[in-house]
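First the structure, in the form of structure tokens, and then the observations on it.
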Protein chains: 2
Amino acid sequence: MKVLVTGHGGFALGMAAASRMIVGDQELIDWLPFEEGTNLSDYQAQIAARVERHGEEGLLILTDFKGGTPFNVSMLLSQGHPQVAVLAGTNLAMILEAIDQAPTASSVTDLADHLVVIGRQGLLKGVLQARN
Amino acid sequence: MKVLVTGHGGFALGMAAASRMIVGDQELIDWLPFEEGTNLSDYQAQIAARVERHGEEGLLILTDFKGGTPFNVSMLLSQGHPQVAVLAGTNLAMILEAIDQAPTASSVTDLADHLVVIGRQGLLKGVLQARN
């Protein structure tokens, strides 16, 4: 199984640098920026190539937000590939969990569902509590 | 009200570049990296200065993940400042919503609660659906 992180501007490379600082380099993850000025058909071809390459073994695509070009392109190109899943709203907790879980996950769909739960659980307001 | 985005490595500047590509430059948001090799007490002083400066008018701190240094430092320094709120698990949907809502939000607490909902709603698995 392969994991692809993609989003606008510096999203993917920023997430790459953050996760590298925490858990070191990860061969597992492919970081693909959709930079300003990128030709849309070039970007589509880059996603399509990854779907073709990993569509059978499994490809989990983590995108920045629902409705953006990285999400929309990934959704479109994942059609007909049941072993490709696309998530939106990616946060760093999900990426760290993907790095930890992807090597042993049973399927892309299971990992995707799990990451939605982990991502939402880790998305919270900090509350200071006194201990007894 | 001021919004501060901070996290490990390139998290903050990556999010800055991504949101700039989508909605342009934003004076409202202050992007503070916690880079590898940063002296912890320097970083603490940077957060403390922002809490002092904006603690009365309101400061919302968006951090990369619960339990990391940016979250922990921000939580510690927000003690005793009811108009400072700290979120973990920040995704790009939350930052875009903060840019949209912060100028008119009634309080930091209300905006923080709202962003948790928006962030979780935007964190999802894409599903292709046929239309009738």
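Given axes a ≥ b ≥ c from the Cα gyration tensor, I'd like to know whether chain B is rounded (a/c under 1.5), prolate (a/b larger than b/c) or oblate. Before the final figure, lay out the partial values.
On the way: a/c = 1.86, a/b = 1.48, b/c = 1.25.
It is prolate, given that a/c is not under 1.5 and a/b is the larger ratio.
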Highest GNM mean-square fluctuation, chain B, Cα pairs closer than 10 Å: which of B:Leu60, B:Leu28, B:Leu111? B:Leu28
Using only Cα atoms, find the angle between the long axis of helix A:40-54 and the longest principal axis of chain A, and express it within 0 to 90 degrees, rounded to the nearest 10. 80
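Mind checking how much accessible area B and A bury in total, 1.4 Å probe, in Å² rounded to 100? Working shown, then result.
Values: alone 7610 and 7590 Å², together 11830 Å².
So the buried area, both faces added, is about 3400 Å².
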With axes computed from alpha carbons, what is the tilt in degrees of helix A:108-121 against the longest principal axis of chain A, rounded to the nearest 10 within 0 to 90? 40
Of all GluC sites (Glu not before Pro) in the range B:56-132, the ones in DSSP coil with at most 16 other Cβ atoms within 10 Å are B:Glu56, B:Glu57
Among A:Val117, A:Val23, A:Ala102, whose Cα sits farthest toward the positive end of the charge dipole of the range A:2-122 (+1 at Cβ of Lys/Arg, -1 at Cβ of Asp/Glu, about the Cα centre)? A:Val117
From the label point of B:Gly37, set 7 Å from Cα along Cα→Cβ, how far away are the matching label points in the other copies, in nm, ordered shortest to longest? 2.7
Calculate one ³J(HN,Hα) per residue across the range A:92-100 by plugging θ = phi - 60° into the Karplus curve 6.51 cos²θ - 1.76 cosθ + 1.60, and present them in order as whole Hz with x for glycine and proline. 5, 4, 5, 5, 4, 5, 4, 4, 6
Take A:Ser106 and A:Glu27, extend 7 Å from each Cα along the Cα→Cβ direction, and tell me the distance between the two endpoints in nm. 2.7
By how many degrees, 0 to 90 and rounded to 10, does the Cα axis of helix A:11-23 deviate from the longest principal axis of chain A? 50
Distance between the range B:10-57 and the range A:62-132 - C-alpha centres, whole angstrom: 24
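Given a 1.4 Å probe, how much area per residue of the protein assembly as shown is accessible, in Å²?
Values: 11830 Å² over 264 residues.
On a per-residue basis, the protein assembly as shown sits at 45 Å².
Could you please state how large a percent of the accessible area of the range B:2-122 is carbon and sulfur, counting protein chains only and using a 1.4 Å probe? Show your work: numbers first, answer last.
Numbers: 2330 of 4870 Å².
Carbon and sulfur together cover 48 percent of it.
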List the residues of the range A:4-35 that lose 50 Å² or more of accessible area once all protein chains are present, compared with their chain alone (1.4 Å probe, heavy atoms only, no ligands or nucleic acids). A:His8, A:Met21
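The values are calculated or read from the model by the stated rules, or taken from the named source; none is laboratory data. All values derive from a computational prediction rather than experimental measurement. Cβ atoms come from the backbone with ideal geometry, glycine included; neighbour counts cover every protein chain shown. Heavy atoms of the whole protein, side chains included, go into the accessibility calculation; ligands, DNA and RNA do not. Shrake-Rupley method; radii C 1.70, N 1.55, O 1.52, S 1.80 Å.
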